[in-house]
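One structure is given here, and the rest of the page talks about it.
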Amino acid sequence: MRPSQNPEDINKLNRFYNQPIEYQDSFFLPSFDNPDNNQSFYADHGQQPQFSALKPDQRCYVESSTGNSSEHVSDSPPIVAFFADGSPMLQQGSDSCRSDMHHSPDETYHSSGNSSCFTSDVTDLKHKLRELETAMLGPDSESLESYNTTPVAAANQISLESDKMVGMMELMPTGDLKEVLIACAKAIAENNLITAEWLMSELRTVVSVCGSPIQRLGAYMLEGLVARLASSGSSIYKALRCKEPTSVELFSYMHLLYEICPYFKFGYLSANGAIVDAMKDENSIHIIDFQIAQGSQWITLIHALAARPGGPPRIRITGIDDSTSAYARGGGIEIVGRRLSSIAASCNVPFEFHPVAASCSDVEIEHLKVRSGEPLAVNFALVLHHMPDESVGTQNHRDRLLRMVKSLSPKIVTLVEQESNTNTAQFFPRFLETLNYYLSVFESIDVALPRDHKERINVEQHCLAREIVNILACEGAERVERHELLERWRSRFSMAGFKPYPLSSSVNATIKTLLENYYQSYTLDERNGVLYLGWMNRDLIASCAWK
């Protein structure tokens, strides 16, 4: 239904829709490094700002700062907000984070928002909806003709929608933030914009980057919903400018994430264990890492091979990475080569490094410098889900890479991936999957860091939020976060000609020892030759090997 052109009616509509939306920095899950434990994690990221769904008077303001800064919460930073007509407005915020130091780990699981923040006055809701109807059903009869209906019929239709929304609000579990998020996403999926706008206004009052796990996750998911509703998949990301942390700052956030969560240590330790086992009798090894990041995964492998009975093998590593990793790394891929060469020399391990500065989608056989007769190991750690497949375009790089690697006759191929299904799923089931997956991640962070921890907001904002927004707001080639379940990866590897390579019992024992240092809600399970690490029995990371 088109709104009437009466100025007073348009003003009524503006009062309903024209709520300021802020800009906020948030980032895809990037690379990180741990120089102390010689491990690293990396997942591709890019510079993609987006609208913020948080209200100025109800959000926690975060300023990027150096890694050794003592404060990250600003009491009143300037905020640039934009109305629906595009006109800018400067606002000054005043609220700061309120810490909650009295929560227990058991209270964090799937926690709810504050029920008192939600609208409980159904009469007020009805009044606002009737006001919206009046604005939309103005005296301009021409606006109704294109819909082949009468003003009375149109009024009845809007009244029906209004009553349905009131009924939904009456039946909705009061204060259940998770249910309200789901209802909002469902309204967007069904193109029910009146309901979606109303629920977004309700959500803005309860989400918080300083609150419980569901409140914090809800803040970033609401940001994704706002961007999607605004059809901002790439236009917002390309048009807006955001302040990205320096590489040193980003490094510190990634390092902290690596320390507090075992997900990434699990993936790299299991992959290294499989490679050591497969190459135990070889005098030379060529490792191709399709996303080398800082290269820290291979430091522990160099040390392990240096201590091998009979002496270490000759190691050659081909490291692949693109320009986005160079930012997080603080320089080009040559930095990785110099670092690994120095460590190998200190261990008396013959070593050679071959850099390939390119996106995985662009890699061809000639880039890899494979030598005949040289035992080959290929590492796919948290990288293949960034490759577009047949659902995105005519070039299926996901399967192309696997076929290319198989043609090289590798002795072992390691795979580490998030156990989530967001690749080809439609928006609403993708929303549900993202909500459940990342709620577990946010809960695991909640038991590791106090809610007033100075760096926790930065870790979640710069290392997790951007990935969440990309999954929810983007489609086609612009959605680069496209996770698949292990069963789908198993099918792809099998079609490419691979067979499973069972992980040794020593790898399982190493992972079990690792988990003893973390909260008891982490789970480890082995099924059909695959190791799964999870939280509260929700599988989050899968690791396996192929030959």
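Yes/no matrix, rows are residues, columns are (1) under 14 Å from Leu435 (Cα atoms); (2) in contact with a helix residue (DSSP H, G or I) (Cβ under 8 Å, 6 or more places away or on another chain); (3) at pLDDT 95 or above:
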site: Glu202; (1), (2), (3): no, yes, no
site: Val206; (1), (2), (3): no, yes, no
site: Leu217; (1), (2), (3): yes, yes, yes
site: Gly224; (1), (2), (3): yes, yes, no
site: Arg228; (1), (2), (3): no, yes, no
Practice problem: Among what's in the range 522-547 and is modelled with pLDDT of 95 or more and of a type in the set (Gly, Ala, Ser), pick the residue that is nearest to Leu402 (Cα to Cα). | Solution: Ala545
Exercise. List every residue pair whose Cβ atoms lie under 7 Å apart, where the two residues are 6 or more positions apart in sequence or sit on different chains, the first residue falls within the range 533-547 and is closer than 15 Å to Val507 by Cα, and the second residue, located anywhere, is assigned to a strand (DSSP E or B) and charged (D, E, K, R).
Key: Ala542/Glu417
Quiz item: Among the residues of the range 480-491, which ones are touching a helix residue (DSSP H, G or I) at 6+ places or on another chain (Cβ under 6 Å) and either in a helix (DSSP H, G or I) or of a type in the set (D, E, K, R) (or both)?
Solution: Glu481, Arg482
Quiz item: Any idea which residue in the range 470-479 is nearest to the chain's Cα centre (by Cα), counting only those that are in a helix (DSSP H, G or I) and surrounded by fewer than 21 Cβ atoms within 10 Å (Cβ to Cβ)?
Solution: Glu478
Self-check item: Within the range 426-457, tally of residues that are under 30 Å from Ser391 (Cα atoms), buried (at least 19 other Cβ atoms within 10 Å of the Cβ) and among the hydrophobic types (A, V, I, L, M, F, W, C)
Solution: 5
Self-check item: Odd one out for Lys280 among (1) touching a Gly at 6+ places or on another chain (Cβ under 9 Å); (2) closer than 30 Å to Tyr532 by Cβ; (3) surrounded by fewer than 19 Cβ atoms within 10 Å (Cβ to Cβ)
Solution: (1)
Self-check item: Hits in the range 305-320 - residues which are over 26 Å from Ser372 (Cβ atoms) and surrounded by 15 or more Cβ atoms within 10 Å (Cβ to Cβ)
Solution: Ala306
Exercise. Residue by residue through the range 283-304, note down the ones that are open to solvent by less than 10 Å² (accessible area, probe 1.4 Å) and either under 19 Å from Ser409 (Cβ atoms) or hydroxyl-bearing (Ser, Thr, Tyr) (or both).
Key: Ile285, His286, Ile287, Ile288, Asp289, Phe290, Ser296
Exercise. Report the residue count in the range 522-546 for those that are exposed (fewer than 15 other Cβ atoms within 10 Å of the Cβ) and within 16 Å of Ala278 (Cα to Cα).
Key: 1
Quiz item: With Ser444, Ser420 as the choices, which residue is at pLDDT 95 or above, assigned to a loop (DSSP other than H, G, I, E, B) and in contact with a Phe, Trp or Tyr (Cβ under 7 Å, 6 or more places away or on another chain)?
Solution: Ser420
Quiz item: If you go through the range 423-436, how many residues are assigned to a helix (DSSP H, G or I), under 14 Å from the mean Cα position of the chain (by Cα) and farther than 13 Å from Lys178 by Cα?
Solution: 1
Quiz item: Does the range 446-459 contain any residue that is of a type outside the set (A, V, I, L, M, F, W, C) and under 26 Å from Ala477 (Cα atoms)?
Solution: no
Quiz item: Can you pull out the residues in the range 501-531 that are in a strand (DSSP E or B), out of contact with any helix residue (DSSP H, G or I) (no Cβ under 8 Å at 6 or more places or on another chain) and within 28 Å of Asp399 (Cβ to Cβ)?
Solution: Asp525, Arg527
Quiz item: Can you tell me which of Glu460, Glu467, Glu484 is surrounded by 19 or more Cβ atoms within 10 Å (Cβ to Cβ), of a type in the set (Asp, Glu) and touching a strand residue (DSSP E or B) at 6+ places or on another chain (Cβ under 9 Å)?
Solution: Glu484
Quiz item: Among the residues of the range 331-368, which ones are in a loop (DSSP other than H, G, I, E, B), open to solvent by 10 Å² or more (accessible area, probe 1.4 Å) and over 28 Å from Ala307 (Cβ atoms)?
Solution: Gly331, Gly332, Ala358, Ser359, Glu364
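The values are calculated or read from the model by the stated rules, or taken from the named source; none is laboratory data. Remember, predicted model here, so these are calculated numbers, not experimental data. Using ideal geometry, Cβ is built from the backbone for each residue, glycine included, and neighbour counts are taken over all protein chains shown. Heavy atoms of the whole protein, side chains included, go into the accessibility calculation; ligands, DNA and RNA do not. Shrake-Rupley method; radii C 1.70, N 1.55, O 1.52, S 1.80 Å.
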